[in-house]
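Working notes for the structure below.
The values are calculated or read from the model by the stated rules, or taken from the named source; none is laboratory data. In this text, all values refer to a predicted model and were calculated from it rather than measured experimentally. In case anyone asks, the SASA skips ligands and DNA or RNA and just uses the protein heavy atoms, side chains included. Shrake-Rupley method; radii C 1.70, N 1.55, O 1.52, S 1.80 Å.
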Amino acid sequence: MRGNIHEKLGYGAIPLFLFLLCAFFGRDVFTVITGYVGIAACLIYLASVLWTAQTAPRGERD
């Protein structure tokens, strides 16, 4: 995926906020579980973006 680091972090942070709302304000079990799974997925995505930004050689960073 092309784009700078701020765009990529935004792609993970916006859904993270929505999943947090689902996890804490969900009315049924399915919504809450979906929220927690979504939070985990967003955190893994954000960690991979930050890891790639730190470890990739300068010419290979997107």
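Quick look at the numbers
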| item | result |
| --- | --- |
| Residue satisfying all of: in the stretch 1-44; of a type in the set (Phe, Trp, Tyr) and modelled with pLDDT of 85 or more; least open to solvent (accessible area, probe 1.4 Å) among these | Phe19 |
| Test: residue in the stretch 45-59 that is charged (D, E, K, R), at pLDDT below 85, open to solvent by less than 60 Å² (accessible area, probe 1.4 Å) and assigned to a helix (DSSP H, G or I) | no |
